[in-house]
Amino acid sequence: MPRYKLIVAYDGTDFVGWQKQEPPDPDAPAPAPGEEPRRLYLRTVQHVLEQAVRKVVREPVVLVGASRTDSGVHANGQVACFTSRPDPSKGVGWPIERGTEGLVKAINSKLPRDVFVYSCEVVDKKFDPIGRAVEKEYCYSIVTGQVRPLWDRRYVFHTWYELDAAKMQQAADLMVGEHDFVCFSQASHGRKTTVRTIYKCEIETPQPGKFVVRISGNGFLYNMVRIIGGTLVEVGRGKIEPEMVREMIASGDRKLAGVTLPPMGLRLEWVRYEEGNRE
């Protein structure tokens, strides 16, 4: 039973997130006793990709992803995996002997244009894309100025205000390390602990008027990167002093941190595993 790991990219604009969502259909008639209610299959990346894989291998595989990106969030290096159970007599599954190059081509042929599988490899049967991840990197793209972005509006956040990159970096430096990041998370984060380690938080300025917040860590809370981004934008505007980050972290008070930036500027860049490879 080979287990395959996929590296996946997607434009999250027209998805309601990565995680499958199958709520009951409110317009469906009441189910008979003992029957399941009819469900709606919302357009999620996991569902679309899983359906494509199922069409190729012709078996009911279950696809698991490393990061549950929200509605409108993009990915350049999402990791997903599934286990195949080849049965030559029934013509189902994808045996290792067929190779992964053909598998990638076959899956991509079944996918819509806003999802793409970069690569595939065979991994250990116990490989867990969530539990074995040791580091992830996200980036958040911001554009400033009096001209709203048009062609890349689906991938950047625009602000009319000019931003001070040096002050933003001072604040970003204070994010690095192991801290309780509860003040940078929504109340419904759903985690047992809010302590995380940030390895890097940098402000890049690839061109005038464009800022990229690049942040990596061992894990992130719900909306954590978008709230950190909102905080750094307010620092860049001069509404918050960089040193205030210390007070935010120490207090754990969400009200002290900045706004939650919208999803379109956020992208999952890569996930690193115990083996030491970035995916």
Report task. Return yes or no: is Ala106 surrounded by 16 or more Cβ atoms within 10 Å (Cβ to Cβ) and not assigned by TED's automatic domain parsing to the domain that holds Asp253? Result -> yes
**Report entry** Of the criteria (1) touching an Asp or Glu at 6+ places or on another chain (Cβ under 9 Å); (2) within 25 Å of His74 (Cα to Cα), which one Leu232 fails
**Finding:** (1)
Report task. For the stretch 56-78, enumerate the residues that are crowded, with 19+ Cβ neighbours inside 10 Å and either in a strand (DSSP E or B) or not aliphatic (A, V, I, L, M) (or both). Result -> Gly65, Ser67, Thr69, His74, Ala75, Gly77, Gln78
Query raised in the report: Only one of Tyr161, Tyr222 is of a type outside the set (D, E, K, R), assigned by TED's automatic domain parsing to the domain that holds Asp253 and surrounded by fewer than 14 Cβ atoms within 10 Å (Cβ to Cβ); which?
Result: Tyr161
Query raised in the report: Counting just the residues of the stretch 190-212 that are of a type in the set (A, V, I, L, M, F, W, C) and more than 22 Å from Ala250 (Cβ to Cβ), which one comes out nearest to the chain's Cα centre (by Cα)?
Result: Val212
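Here's the yes/no breakdown for (1) outside any loop (DSSP other than H, G, I, E, B); (2) without any contact (Cβ under 8 Å) to a residue 12 or more places away in the chain; (3) more than 26 Å from Phe82 (Cα to Cα):
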{"position": "Met1", "(1), (2), (3)": "no, no, no"}
{"position": "Lys5", "(1), (2), (3)": "yes, no, no"}
{"position": "Lys20", "(1), (2), (3)": "no, no, no"}
{"position": "Asp27", "(1), (2), (3)": "no, yes, yes"}
{"position": "Ala32", "(1), (2), (3)": "no, yes, yes"}
{"position": "Glu35", "(1), (2), (3)": "no, yes, yes"}
{"position": "Leu42", "(1), (2), (3)": "no, no, no"}
Query - Check on Val53, among the β-branched types (Val, Ile, Thr), under 22 Å from the mean Cα position of the chain (by Cα), under 30 Å from Pro263 (Cβ atoms) and part of a loop (DSSP other than H, G, I, E, B) - result: no
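For (1) closer than 20 Å to Asp164 by Cβ; (2) at pLDDT 95 or above; (3) not aliphatic (A, V, I, L, M), each residue gets a yes or a no:
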{"position": "His189", "(1), (2), (3)": "no, no, yes"}
{"position": "Lys210", "(1), (2), (3)": "yes, yes, yes"}
{"position": "Ile215", "(1), (2), (3)": "yes, yes, no"}
{"position": "Asn218", "(1), (2), (3)": "no, yes, yes"}
{"position": "Gly230", "(1), (2), (3)": "yes, yes, yes"}
{"position": "Gly236", "(1), (2), (3)": "yes, yes, yes"}
{"position": "Pro242", "(1), (2), (3)": "yes, yes, yes"}
{"position": "Leu261", "(1), (2), (3)": "yes, yes, no"}
Report task. Pairs only if they're at least six apart or on different chains, beta carbon under 6 angstrom, first in the stretch 76-89 and aliphatic (A, V, I, L, M), second not in a strand (DSSP E or B); list them, first residue then second. Result -> Val79/Ala66; Val79/Pro129; Val79/Glu279; Ala80/Leu63
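The values are calculated or read from the model by the stated rules, or taken from the named source; none is laboratory data. All values derive from a computational prediction rather than experimental measurement. All Cβ positions, glycine included, derive from the backbone under ideal geometry; neighbour counts span all protein chains shown.
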